[in-house]
Amino acid sequence: MDKLHSTLLSSEVNKKWWPEILRAVCYLCNRSPSSVINKTPYEAWFNEKPDLSHIRTLGSTAYALKPERKRRKLADTKAIKCVLLGYEGSQIYRLLTPFGSVIRTSNVHFQEKRAAVTDGNQPIKRTVPTGGAPVAENNPAVGAAIPVPGEEIDISEPATAPPPTGNNPSMGNNPALHLDEGNNPVPFLGEPLPPQNSAEVGTNGNYIAGGTLDEDTIVVDSGANQAPNEDTIVVSSRPSLQNVLTNHKHLHVPDPATCKTRRSRGLWALLSQATPEPYKPKTYKEAINDTFWPLWEKSMKDKFDSLVANNTWKLVDPPPDRRVLPGKWVYKLKRGHQSKILRHKSRWVVRGFMQQEGLDYNETFATVVKPMSYKTLFAIAAALDLETEQMDVKTAFLYGNIDEEIYVAQPEGLSNGTKQVCRLNKALYGLKQSPRVWYNTLADYLRELGFEPLAADLSVFAKGHTFVAIYVDDLLLVGPSKPDIQAIKDCLNANFDMTDLGPCSYYLGMLVTRDRPNCTLRLGQRGYMEKVLQDFSMWESNPVDTPMAGNDLVKAPEGYQAPEDLRATFQSAVGSLMYAMLVTRPDIAYAVSKVSRFASNPDKSHWQAVKSILRYLRGTVDADLVYRGPLTQLEGYTNADWAGDKDTRRSTSGFVFSIGSGAIS
């Protein structure tokens with residue numbers, strides 16, 4: 001709390017905005033070096049150094065650009081004078097406007113040498129006699145501004161109400177510490193500002209490594225109530241980054257597994273939210289303005305070259321009697337073990353939702369391995385100590401030819417400058433028939449290698465004791481030895497452009513952990529569970545021992561209509577729980593099945609039942625699905641609750657099948 005109070009004082013921001021400043025302090029602490037771990041907490045968590053090029057002094061003056069449509073007259077100002085309250089990621093700043101609202105924008109220009117306006121009042125001035133104590137020059141490490149442009153998005157101002165006031169914030173159960181914006185999203189501003197005089201704007205070095213930062217020294221006359229005059233220099237008493245970032249001796253990264261108390265869980269949730277996910281652009285324009293644009297640009301160029309090399313299309317003049325389908329770039333971060341970013345990926349995707357059946361496509365089919373199938377493979381691999389490896393197919397959909405006549409616009413940013421369009425020879429991502437075309441291409445080749453699809457799951461191919469499970473372009477290879485697996489890899493590499501991901505450690509969002517001496521394999525979804533609990537503000541909830549307290553759920557009273565926000569939240573939560581249930585948490589199957597019956601018209605009692613399941617998951621967030629040998633025969637159990645539905649008196653039956661110690665279905 002000392003950092004919070006000192007930052008509030010030095011930034012000259014009204015105390016009622018302490019939740020915003022607390023959030024910013026956590027953000028900065030996570031990016032500051034620690035003598036305990038010899039790195040920043042951010043680096044310890046993400047395995048990469050934080051980018052600090054966007055860091056500015058809290059409380060400094062910020063000019064946020066107003067979109068043109070928000071300017072009432074030609075003489076209207078182009079920017080709003082604001083106060084910097086904090087950060088979101090490496091691109092978005094949280095600013096306090098003179099109207100008393102908080103906005104989020106990347107289109108901002110800073111003047112860190114000037115005192116900022118707080119709550120619409122005049123700047124707080126401190127006097128420095130011109131003939132007295134000297135004012136130090138700017139830090140030599142401070143250079144020209146790096147503009148942070150972004151996409152123009154409409155806003156309405158003011159947008160949000162001020163946070164609750166309070167002089168003694170605590171880290172306990174204060175709801176103001178829940179950083180979720182809820183149903184009142186903070187608006188964006190748009191369009192970048194042109195860079196101004198570099199002498200007025202500062203930016204810090206790109207990275208912090210284990211040392212310390214240079215500090216700006218400002219000597220200020222402390223005389224009280226001195227009226228400013230023409231010779232008065234207005235300066236700010238804000239601290240340098242050194243004070244904000246490194247004024248702590250024992251900063252460490254907490255382990256979520258050790259956060260046992262409600263208080264510590266709240267602190268962990270706060271710190272984890274202060275270190276957001278790396279930003280993924282949603283449009284080509286956002287990608288251009290992203291910090292990692294060189295990586296996105298390279299991935300786009302690689303994808304485009306691959307499309308051209310595979311003879312994916314032929315450039316022709318647009319036909320007058322056919323629709324030209326638009327496309328868009330889709331950006332993705334490919335992750336590996338512990339969610340480490342492996343590479344930046346770009347895809348040129350067709351807007352296939354505009355296709356017409358019978359004209360642009362006929363049959364569709366998506367090759368997705370069933371959860372029961374891959375869990376069976378993992379169970380067999382654990383018991384028999386088989387090898388489990390992964391491969392990824394680059395541009396998978398480009399290997400199959402299409403029969404339909406389809407025209408698509410040229411890729412944005414890589415067109416030849418003409419009005420020509422692409423007549424497709426091969427499938428592209430986004431087309432309704434693309435998954436089917438790719439599956440047929442891969443299946444034909446696997447048959448040439450001697451593999452045959454299983455009757456129970458056409459996405460699993462077998463050849464003796466070797467298996468290949470297909471999830472679109474992700475392949476899971478299971479076999480008795482590395483030479484057997486390598487032989488398959490060599491064949492696949494000879495026919496397709498593949499990425500060898502090595503031993504399976506992270507599969508379809510699950511952490512795969514093996515203890516081969518003890519013939520044990522674990523499937524866990526802790527990361528997914530944490531996200532779900534935080535999305536529904538249940539990370540700090542009190543755990544319960546069972547997912548459902550009773551069996552007394554009934555339909556809502558006659559004539560009741562669920563509010564739209566409750567219905568949407570309820571359905572989203574049930575959908576999230578269903579995914580966990582299907583993958584690694586069969587223990588919540590009955591409870592999820594029960595609450596899902598009320599998804600169309602839930603009331604408060606149904607929502608409380610969903611929250612009970614979430615509380616159960618909070619207490620068992622580290623529970624894994626475990627497979628250990630020896631391999632046994634397939635075993636199945638079934639039962640029913642005998643007229644358990646209190647509305648219809650129907651029975652609910654359930655079953656579980658397992659191989660060895662773990663459930664597969």
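Tabulated values for the structure
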| quantity | calculated |
| --- | --- |
| Number of positions in the range 282-301 that are closer than 14 Å to residue 412 by Cα and among the acidic types (Asp, Glu) | 2 |
| Which listed residue is under 21 Å from residue 366 (Cα atoms), assigned by TED's automatic domain parsing to the domain that holds residue 352 and either touching a Phe, Trp or Tyr at 6+ places or on another chain (Cβ under 8 Å) or not acidic (Asp, Glu) (or both), from 447, 423 | 447 |
| Cβ pairs under 7 Å, 6+ apart, first in the range 366-379 and surrounded by fewer than 24 Cβ atoms within 10 Å (Cβ to Cβ), second part of a helix (DSSP H, G or I) | 366/435; 367/435; 367/439; 371/582; 371/583 |
| Filter result for residue 44 (buried (at least 21 other Cβ atoms within 10 Å of the Cβ), within 29 Å of residue 288 (Cα to Cα) and among the aliphatic types (A, V, I, L, M)) | no |
| Identity of the residue in the range 286-301, out of contact with any helix residue (DSSP H, G or I) (no Cβ under 7 Å at 6 or more places or on another chain) and crowded, with 16+ Cβ neighbours inside 10 Å, that ends up nearest to residue 107 (Cα to Cα) | 289 |
| Residue 50 closer than 30 Å to residue 343 by Cβ and at pLDDT 85 or above | yes |
| Breaking point among (1) in contact with a helix residue (DSSP H, G or I) (Cβ under 8 Å, 6 or more places away or on another chain); (2) within 23 Å of residue 314 (Cβ to Cβ), for residue 442 | (2) |
| Close pairs (7 angstrom Cβ cut-off, 6 or more residues apart or separate chains): under 15 Å from residue 632 (Cβ atoms) and part of a strand (DSSP E or B) in the range 653-665, modelled with pLDDT of 85 or more and of a type in the set (D, E, K, R) anywhere | 657/635; 658/635 |
| Residue check for residue 521: buried (at least 20 other Cβ atoms within 10 Å of the Cβ) and not in a helix (DSSP H, G or I) | yes |
| Strands (runs of 3 or more DSSP E) enclosed by the range 423-500 - at least 1 residues per element that are free of Cβ contacts under 8 Å to residues at least 60 places away in the same chain and more than 33 Å from the chain's Cα centre (by Cα) | 460-463, 466-471 |
| Top-ranked residue of the range 553-570 - restricted to ones that are among the charged types (D, E, K, R) and assigned to a helix (DSSP H, G or I), ranked as surrounded by the most Cβ atoms within 10 Å (Cβ to Cβ) | 567 |
| Residues that are within 16 Å of residue 408 (Cα to Cα), exposed (fewer than 14 other Cβ atoms within 10 Å of the Cβ) and either of a type in the set (A, V, I, L, M, F, W, C) or modelled with pLDDT of 85 or more (or both), drawn from the range 320-340 | 326 |
| Qualifying positions in the range 43-69 - outside any loop (DSSP other than H, G, I, E, B) and farther than 18 Å from residue 93 by Cβ | 43, 44, 45, 46, 68, 69 |
| The range 388-417: number of residues that are under 31 Å from the mean Cα position of the chain (by Cα) and either more than 24 Å from residue 298 (Cα to Cα) or of a type in the set (Val, Ile, Thr) (or both) | 6 |
| Residue within the range 377-387 that is assigned by TED's automatic domain parsing to the domain that holds residue 291, modelled with pLDDT of 85 or more and not hydrophobic (A, V, I, L, M, F, W, C) present | yes |
| Checklist (1) buried (at least 21 other Cβ atoms within 10 Å of the Cβ); (2) at pLDDT 90 or above; (3) out of contact with any Lys or Arg (no Cβ under 9 Å at 6 or more places or on another chain) applied to residue 454, failing item | (1) |
| Meets criteria (within 25 Å of residue 651 (Cα to Cα) and loosely packed, with under 14 Cβ neighbours inside 10 Å) for residue 550 | yes |
| Evaluation of residue 513 against (1) outside any helix (DSSP H, G or I); (2) polar (S, T, N, Q); (3) assigned by TED's automatic domain parsing to the domain that holds residue 606; (4) over 26 Å from residue 600 (Cβ atoms) (one fails), failing number | (3) |
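Quick grid of which residues meet (1) closer than 21 Å to residue 499 by Cα; (2) surrounded by fewer than 21 Cβ atoms within 10 Å (Cβ to Cβ); (3) of a type outside the set (D, E, K, R); (4) outside the structural domain of residue 332 (by TED's automatic domain parsing):
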position: 398; (1), (2), (3), (4): yes, no, yes, no
position: 402; (1), (2), (3), (4): no, yes, yes, no
position: 414; (1), (2), (3), (4): no, yes, yes, no
position: 419; (1), (2), (3), (4): no, yes, no, no
position: 427; (1), (2), (3), (4): yes, no, yes, no
position: 430; (1), (2), (3), (4): no, no, yes, no
position: 434; (1), (2), (3), (4): yes, no, yes, no
position: 461; (1), (2), (3), (4): yes, no, yes, no
position: 465; (1), (2), (3), (4): no, yes, yes, no
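The values are calculated or read from the model by the stated rules, or taken from the named source; none is laboratory data. The model shown is predicted, which means the values in this text are computed figures rather than measured ones. Positions of Cβ are generated from backbone atoms using ideal geometry, with glycine treated the same way; all protein chains shown enter the neighbour counts.
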